1. For T81, which sequence-distant residues (separation of 5 or more, or a different chain) have an amide H within less than 5 Å of its own amide H, given hydrogens modelled in the peptide plane?
2. Of all alpha-carbon pairs in the stretch 57-112, indicate the percentage at a distance above 15 angstrom.
3. Show me 90-103, 44-57 ranked by packing, highest mean number of other Cβ atoms within 10 Å first.
Amino acid sequence: MQRHVAFVTAFGLMLAVAGVATADLIQPGDLLVVDRGNFTLDDVNPTTGVATVIANGFSNPQGVAINAAGMVFVSDIGTSTINEVNPITGVVTTFSGGGVGSGPALDRPFQMAFNSAGTLYVADGQTPNGNSTEVLAIDAAGNRTTLAGNNGSSNNL
């Protein structure tokens, strides 16, 4: 079975993970990956290769990002949501989509990144016509604003 993962490096994080069956510490330089085959968010130690499950129960996780406060965010195209994961407890809550936040609906949120002001940017594959893409900005309350979209045309984004 081939595994498909997305990853982000945990820079400067020193957070104890508790309340998860395979709890561990997220160390600076560790890789946080979404494991689409097992529907989990994992912490991978790059030296030992040991993977520890931080959170599970995702439907189809695709992207991962960390904000300045050290909270982990996972995009899930199976539920059309962005989920916030507390890296200490492993608790997953819906941050945006699925009835949380206002603005255009999420459809297939993939990759994400935070800017220095704390705005989350998300590439979202909209499917009304099967091939359009949007870039959304999501504020701290989970409210979404469309920044760019191609409506099926690759030259507008």
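1. The answer is D76.
2. 43 percent
3. So the peptides 90-103, 44-57, ranked by packing, come out 90-103, 44-57.
We did not get these values from a lab; they are worked out from the coordinates using the rules stated. Just so it is clear, the structure is predicted and the values come from calculations on it, not from any experiment. As a convention, Cβ positions derive from the backbone with ideal geometry for all residues, glycine included, and neighbour counts pool all protein chains shown.
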